[in-house]
Amino acid sequence: MKHLMTTMATAAVCALGAPAGADMVDFVSHSAASTEGLGSYVGSLDWTWDGASLFGTLDVSITNTTDVSIGGFLVALAFEPSHIASGATATLASADDASFLNFAAPENASPFGMYSAGAGLEASFHGGGNPSDGLGIGETGNFSFTVTALAAADLASVSAADFLGSLDDHPFIVRFRGMADGTAGSDKVPAMAIPGVAGFACLGLGGFVRRRRG
């Protein structure tokens with residue numbers, strides 16, 4: 001009974017306290033689809049929209065969980081906003097790591113295709129410069145993107161999970177470099193949603209600790 005009452009209270013807070021179009025989804029690396037099977041990560045996407053404007057906010061928190069025997073640094077993340085609404089764009093509004101910059105142009109994340117939005121070292125998905133400027137193992141980066149649609153109605157049904165897509169279309173990709181495994185040295189790894197945890201988002205119970213990089 002106590003569990004039921006807690007669940008009902010949680011649902012009530014979510015229904016009454018969340019802004020229009022606000023939710024969160026936790027994600028992990030889809031290692032089976034990565035180019036080299038080396039890098040890994042966990043994170044969350046927090047989507048907020050006021051219910052009327054052309055603009056929404058996508059907050060990304062991501063932690064490098066690659067095995068220490070492999071090493072390496074998370075140097076970029078990319079996503080395709082047109083996946084959630086035709087003609088939509090996204091721009092990096094802030095990042096707690098100043099080494100990550102907004103993409104200057106659409107980036108080629110072959111074999112996964114082109115991505116028009118994201119952040120990376122030297123404003124590149126391929127992570128120019130020294131990879132050690134990226135997120136090392138155990139480090140977390142927090143990024144905020146402004147997503148712009150052609151019409152407010154285009155954002156009406158958007159959820160955080162939409163930015164991750166299905167296991168087949170890979171609209172969200174992460175790049176690693178500087179790996180010490182002795183073979184590839186880099187990796188491109190799609191994200192996938194963790195089923196069944198998004199409902200905790202409105203109370204901040206997504207399950208991952210967000211830690212700013214020092």
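Does segment 39-52 hold any residues that are open to solvent by 30 Å² or more (accessible area, probe 1.4 Å) and part of a loop (DSSP other than H, G, I, E, B), and which are they? If the condition is that a residue be open to solvent by 30 Å² or more (accessible area, probe 1.4 Å) and part of a loop (DSSP other than H, G, I, E, B), then Asp50, Gly51, Ala52 are the ones that fit. Residues in segment 78-87 that are part of a loop (DSSP other than H, G, I, E, B) and surrounded by fewer than 22 Cβ atoms within 10 Å (Cβ to Cβ) were compared, and the one that is nearest to the chain's Cα centre (by Cα) is Ala85. Condition check for Ile70 on (1) in a strand (DSSP E or B); (2) over 17 Å from the mean Cα position of the chain (by Cα); (3) β-branched (Val, Ile, Thr): one failure, at (1). In this structure, Ser110 does satisfy being among the polar types (S, T, N, Q), more than 19 Å from Thr66 (Cβ to Cβ) and open to solvent by 50 Å² or more (accessible area, probe 1.4 Å). Select from segment 142-183 the residues that are surrounded by fewer than 16 Cβ atoms within 10 Å (Cβ to Cβ), among the small types (Gly, Ala, Ser) and assigned to a loop (DSSP other than H, G, I, E, B) and write down the one among them that is modelled with the lowest pLDDT. Taking the candidates together, the pick is Gly182. Determine the pairs where a residue that is in a helix (DSSP H, G or I), located within segment 103-131, has a partner that is among the β-branched types (Val, Ile, Thr) with Cβ atoms under 7 Å apart, the partner being 6 or more residues away or on another chain. Matching pairs, first to second residue: Pro131/Val75. Checking each residue in segment 113-141 for being among the polar types (S, T, N, Q) and open to solvent by less than 20 Å² (accessible area, probe 1.4 Å) picks out only Thr140.
Checking Leu92, Leu135 one by one, the residue that is of a type in the set (A, V, I, L, M), touching a Gly at 6+ places or on another chain (Cβ under 7 Å) and at pLDDT 95 or above is Leu135 and no other. Would it be correct to say that Phe79 is out of contact with any Asp or Glu (no Cβ under 9 Å at 6 or more places or on another chain), in contact (Cβ under 8 Å) with a residue 40 or more places away in the chain and either under 22 Å from Val158 (Cβ atoms) or among the hydroxyl-bearing types (Ser, Thr, Tyr) (or both)? Taking the combined requirement at face value, the residue satisfies it. Looking across segment 101-146, the residues that are over 11 Å from Val75 (Cβ atoms) and among the aliphatic types (A, V, I, L, M) come down to Leu101, Ala104, Ala105, Ala109, Met114, Ala117, Ala123, Ile137.
The values are calculated or read from the model by the stated rules, or taken from the named source; none is laboratory data. Values in this document were obtained by computation on a predicted structure and should not be read as measured data. Don't worry about glycine lacking a Cβ; one is built from the backbone with ideal geometry, like all the others, and counts go over all protein chains shown. The area values use the complete protein model at the heavy-atom level, side chains included, leaving out ligands, DNA and RNA. Shrake-Rupley method; radii C 1.70, N 1.55, O 1.52, S 1.80 Å.
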